[in-house]
1. Quick one: Karplus J couplings for the range 98-115, per residue in order, coefficients 6.51, -1.76, 1.60, θ = phi - 60°, nearest Hz, x for Gly and Pro?
2. Looking at the range 1-107, which GluC sites (Glu not before Pro) are DSSP coil and have at most 13 other C-beta atoms within 10 Å of their C-beta?
3. Rounded to the nearest 500, what is the 222 nm mean residue ellipticity of the chain from helices alone, with -39500 (n - 2.57) per DSSP H run of 4+ residues and division by all residues?
4. Beta carbons within 10 angstrom, averaged per residue: use that to sort the peptides 106-114, 61-69, highest first.
5. Among (1) 102; (2) 136; (3) 164, only one was calculated for this model; which label is it, if the read-out is volume of the Cα convex hull per residue in Å³?
6. Compare the Cα positions of Thr111, Asn81, Thr52 along the charge dipole of the chain (+1 at Cβ of Lys, Arg; -1 at Cβ of Asp, Glu; about the Cα centre) and return the one farthest towards the positive end.
7. Within the accessible area of the chain, what % is carbon and sulfur when the probe is 1.4 Å and the other protein chains stay in place?
8. At 1.4 Å probe size, what's the solvent-accessible area of Ser43? Round to the nearest 10 Å².
Amino acid sequence: RPLVKPIRPEFSSGPCAKRPGWSFRILENSCLGRSHRHPLAKSKLYKVIELTKKILEIPEDYFVGIVPGSDTGAIEMAMWNFLGPMPVTMLAWDSFGLDWSQDIKSQLKLTDVTIIKEDYGKLPDLSTKKYDGDIVFNWNGTNAGVCVRNLNWLEPNRNGITICDETSATIAMDLDWERLD
């Protein structure tokens, strides 16, 4: 157990407590109530996207987008738009992976799907399989407390796309962008 604890030790995968000193005055220069197409809102979104790429050291030829639904919304959008033409491997070791595997099978109704499921909070031995086709997984299973160490198990120039929810890992870990789409 840690000797020093934070003032607010609560952690959540959903809405969290506001930071100390937060007040409504912080919202004075916001774009609340404006369309995302308004020039002021568009400029703020563009600035956030550019800062995100810079801070996270995302390669120049990668696109960053802001979508509703956080990273879960982004993964769902990617699955619904990109999966289908190739075989799919879904890796599931927490609630997000389990939900996505259900979506792939029952909502998208894809037939050439391999689901590699591990007990909640445990990682499978990822090096025992060659991953042909598309793959979907989350890097850091924050609900289950598991984290992929690296992507050495995934061939960099393989056929297929790599849909990875690495949101919780982007700030804390070095990501192998050559192996991520």
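1. 5, 4, 5, 5, 5, 4, 4, 7, 9, 8, 6, 6, 6, 9, 9, 10, 10, 10
2. Glu10, Glu28, Glu57, Glu60
3. Per the formula, -6500 deg cm²/dmol.
4. The most tightly packed comes first, giving 106-114, 61-69.
5. (3)
6. Thr52
7. 53
8. Rounded to the nearest 10, the figure is 60 Å².
The values are calculated or read from the model by the stated rules, or taken from the named source; none is laboratory data. From a predicted model like this one, the values you see are computed outputs, not experimental measurements. Glycine gets a Cβ as well: all are built from the backbone with ideal geometry, and neighbour counts include every protein chain shown. SASA here: full protein model, heavy atoms, side chains in, ligands and nucleic acids out. Shrake-Rupley method; radii C 1.70, N 1.55, O 1.52, S 1.80 Å.
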